[in-house]
Structure formats: C-alpha cells, structure tokens
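To keep things clear, I will list the structure first and then write my remarks on it.
Any read-out appearing in this document is the output of simple, stated calculations on the displayed coordinates, not a laboratory observation. From a predicted model like this one, the values you see are computed outputs, not experimental measurements. When we count neighbours, we look across all protein chains shown, and the Cβ atoms used for this are built from the backbone with ideal geometry, even at glycine.
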Amino acid sequence: MADTAWLWVYFTLLAALMQALRTAAQKHLSRDMSAMGATYTRYLYGLPWVLFYLWFHQGGWSDVSGLSRHAWAWILFGGVTQIMGTWALIKVFAWRNFAVGSTFSKTEALQTAVIGALLLGLPLPLAGWVAVLIGVVGIVLLVLPQHARQWRAWVTPVTALGLFCGFCFAVSALAVYQSSQLTGLTPLRSAALVLAVMVCLQMFIVTCWLILREADTFRKVIRYWRWGTFVGLCSALGSIGWFTAMSLQNPALVRTLGQVEFLFSLILTWCLFGERIRRNEWLGIGLILLSVLVLLIYV
C-alpha cells in the first residue's frame, strides 16, 4: 500500500485520540454547565482553529461561494444530524438504564456501512464487513452493562433512542463524505472547506438555541475559557482527522478504525482513576484490535 493510501489511517488515529481527550475535558465542563453549553464550547473555541486550517490549505471565500446547492444541502444535513445525534446521546445518559442505550449507540459503524451500501452505492469488500462486525461486537462487549443478561433490559425506549443516536452519527459521517466529493477540490482542501462551513452552521444553530432556551450559559462559556480553549483545540484536531479521513475513504471503514477511541478512553480512565479491567472489557479490547488488524491487512 502506498504511503498516500495510509493517510486516512493516520488521520483517523489522530481523530480518535483527540476525541477521547475532548470527551474527558467536556465531562469536566458538564459539571458546571448544561450539555448544550459544553457542546457550544466545542464549536466556539474550535472555530478559530478550523478557520486557520482552511486558510492553511489556501481555502477561502472563493471556495465557499463555489459550493453547489447539493454540497450545501449535504453539509447542512450532516451538521443537523450531528447535533441531533449529540442530543440523543445526552438524552440516553439521562435515563436510569443509560448503559443499554449507550451500547446501541455504538452500532454507528455498522449503520454507516449498511446505509452507505444501500442508499449511496458505497459497497464494502467482504473483509470490510468482517472488520465492521467484529468491531461492533467488541464495542458492545466493552460497554455491556452487567444487568443486560436479562432480555427486559434491552426492550426499553432508551434502546430505540440509542439506535437513533447511532443512526444520526452514521448519516452525518456519510454526509461529510458526500459533500466532500461534490466540492471538486483535493481531499485535504475539501475536508477543510466542508469542516469550516459545517462548524459555522452548527455554531449558528446552537447559538440560536442557547439564546432562546439557555441564555445564562454564555457567561459560563466565557468563565471557563481555559477549559474551553483545550476542548476547542482537541475538537478541531479531532474533526480535522475525521473529515479528512472520510474524504479519503469509505466512512464505514473510518468509523470502524475509529473505534480505537474507546481504547484511548479506557487507558485514560485506568491511568487517572486506577479502575480495574473487567473480563468482558478484555474480550472487547481484543475484538476491537482484531477488527483493526483485519481492516489494515485485508482491506
């Protein structure tokens, strides 16, 4: 495999690591502000870095004005579904049995593969499907709640909410891929352009929401500017990784490899809190690593 063919792998690993760090920092912020406020912090403090990345690739207003209506539609669709997915995930965590819903939200990679193949003509080779399925099983085992052995734990409204969350993130990933293909630019410049436009749209949407529903949140966002700066930088680097990788490769494969984010998160948890590793977590880790090996060797 040529060096350029490995670019999507490098960007995906960067995205997974940065997302794990961003999530840890956002959990700290969520103690003192709403979930939507923590989300707004990501956009507000991440936007300057995103715009700088676009400028670095010599992108600007000429690229934005050159976007077709179809590209704008896909970018807007991707931005809105990402916000909806974030909302659904927040609602999942508000339920008492959130672990089951969270487990179903991790089917994102599988849903991306199925939707991409059926609706957008993005078929995967057999090895790709095997990697996706192994990775999903590994994630499920990794986050599997102990009480899930009872079938009643799975037949709840939060299960549907978890699936909806995974669906939204899957559709958003495919929208990024589609919009990137419609810009007519090189993959790196296209990813920078789509990311900058989408973050601007998302920031506008969330700003309107906060003005109407949580106006006091703005003061908290400014008060915690140090944490916000860190979250924004991690978010920008993570998004650069995701968007670039999905401009270069089938989003289903990117999301499958990106599941190593959970390994990074576990490592952070173990190092910071010294938590013990359960048997099902060891098995889940092994399956995720196996899916990555299948992905890199055979696809």
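General remarks:
- Binned Cα-Cα distances of segment 196-258, short to long, each 5 Å bin given as a whole percent: 4, 14, 16, 20, 19, 11, 9, 6, 0
- Compactness index (Cα Rg / 2.2 N^0.38 Å), the chain: 0.97
- Order by protection proxy (mean Cβ within 10 Å, highest first), peptides 213-221, 36-44, 200-208: 36-44, 200-208, 213-221
- For segment 199-251 and segment 41-81, distance of Cα centres in Å: 13
- In this simple spin-label model, placing a label point 7 Å from the Cα along the Cα-to-Cβ direction at both V114 and T207 gives a separation of 3.8 nm.
- In percent, rounded to a whole number, the relative contact order of the chain is 40, using alpha-carbon pairs under 8 Å and six or more apart.
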